[in-house]
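A quick write-up on the structure given underneath.
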Amino acid sequence: MKKEIFEWVKTIIISLIIALLITTFVKPTIVKHYSMQPTLDENDFLIINRILYTRGEPERGDIVVFESNQYDFEGNQKLLIKRVIGLPGEEIQITGGRVYINGEELIEEYLDDRYTNGNVHLEIPENRLFVMGDNRNNSLDSRNDELGLVDTEDIVGKAFIRLFPFSDAGVVR
C-alpha cells in the first residue's frame, strides 16, 4: 500500500513540475478580434513562446502578443496581437497605401489587400516597435495615437503554434 501511495505522490509531483515548466515557457491565448485576418481568425487558439525574446529581439514579421495601454470593461489590461513592422532605429513611412522602411517598400505577401491606409512618417526610438494588424482596414495598431508604438518590455511573447481550429493547426507565420 505504501508503495502505491508513493507512486501516486511521485506522479502528482512530476506532473506539477512539468505543468509549472510549461506555463513558464509558453502561454496559451485565444485571438479575440479580426485584426490579424487573413493570418489569424477570431477564436484561433495559439501557443505563445514566452522565452524567445529573453535571449533575442523581435524581428520584422514576427507576430507578437503584448500588454497594451487598452483596458476591457472590467478594468483589465488588454493583450493585443499584431505583426512587427518597424524596428528600433528604422524610419517608417506609410504613404500612398504603401509601407516603406528606410525608404524601401516593404513587400508583405501575408496580406490579402496590400493597401495600407494612413499617413505615417517617423523614426522608431530605441526599445520601441511599430506594429500593425494584417487586416489593415480593421486594426487598432501603431498607426493610431490611441495605441502608438509598443515598448519592447511589454512583449509577452511570439505567437508560434496554432492549435485550433484543427484544420489550420501548425506553425504561425
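The values are calculated or read from the model by the stated rules, or taken from the named source; none is laboratory data. Worth saying up front: this structure is predicted, and the values here are computed from it rather than measured. Note that we place each Cβ from the backbone using ideal geometry, even for glycine, and neighbour counts take in every protein chain shown.
For beta carbons closer than 6 Å, sequence separation of 6+ or different chains, a first residue in segment 1-29 that is assigned to a helix (DSSP H, G or I) and a second that is basic (Lys, Arg), the qualifying pairs are PHE25/ARG50. Of the set (1) of a type in the set (Phe, Trp, Tyr); (2) assigned to a strand (DSSP E or B); (3) under 18 Å from LYS158 (Cα atoms), all apply to TYR100 but (3).
Inside segment 79-121, can you point out the residues that are under 21 Å from the mean Cα position of the chain (by Cα) and of a type in the set (Ser, Thr, Tyr)? Once the filter is applied, which keeps residues that are under 21 Å from the mean Cα position of the chain (by Cα) and of a type in the set (Ser, Thr, Tyr), segment 79-121 yields TYR110, THR116. Of everything in segment 61-77 that is in a loop (DSSP other than H, G, I, E, B) and under 12 Å from the mean Cα position of the chain (by Cα), the residue that is nearest to GLY157 (Cα to Cα) is ASP62. From the residues in segment 1-38 that are polar (S, T, N, Q) and over 23 Å from SER139 (Cα atoms), which one is farthest from the chain's Cα centre (by Cα)? Top of the filtered list is THR11.
Within segment 149-173, residues that are under 27 Å from GLN77 (Cβ atoms) and in contact (Cβ under 8 Å) with a residue 24 or more places away in the chain have Cβ atoms under 6 Å from residues that are of a type in the set (Asp, Glu) and in a strand (DSSP E or B) in these pairs: ASP154/GLU67, counting only partners at least 6 apart in sequence or on another chain.
Among the residues of this structure, ILE17 does not count as one that is at pLDDT 90 or above, surrounded by fewer than 11 Cβ atoms within 10 Å (Cβ to Cβ) and among the hydrophobic types (A, V, I, L, M, F, W, C). Selection of segment 61-78 for residues being exposed (fewer than 15 other Cβ atoms within 10 Å of the Cβ), touching a strand residue (DSSP E or B) at 6+ places or on another chain (Cβ under 6 Å) and touching a residue at least 24 places away in the same chain (Cβ under 8 Å) yields only GLN70.
When ILE47, ILE81, ILE85 are checked against the criterion of being modelled with pLDDT under 90 and either surrounded by 12 or more Cβ atoms within 10 Å (Cβ to Cβ) or not charged (D, E, K, R) (or both), a single residue qualifies: ILE47.
Quick one: would you say ARG162 is among the basic types (Lys, Arg), over 19 Å from LEU87 (Cα atoms), surrounded by 13 or more Cβ atoms within 10 Å (Cβ to Cβ) and touching a Phe, Trp or Tyr at 6+ places or on another chain (Cβ under 9 Å)?
Spelling it out, ARG162 is indeed among the basic types (Lys, Arg), over 19 Å from LEU87 (Cα atoms), surrounded by 13 or more Cβ atoms within 10 Å (Cβ to Cβ) and touching a Phe, Trp or Tyr at 6+ places or on another chain (Cβ under 9 Å).
The condition (being closer than 29 Å to TYR71 by Cβ, charged (D, E, K, R) and in contact with a Pro (Cβ under 7 Å, 6 or more places away or on another chain)) is satisfied by just one residue among ASP145, ASP141, ASP134: ASP134.
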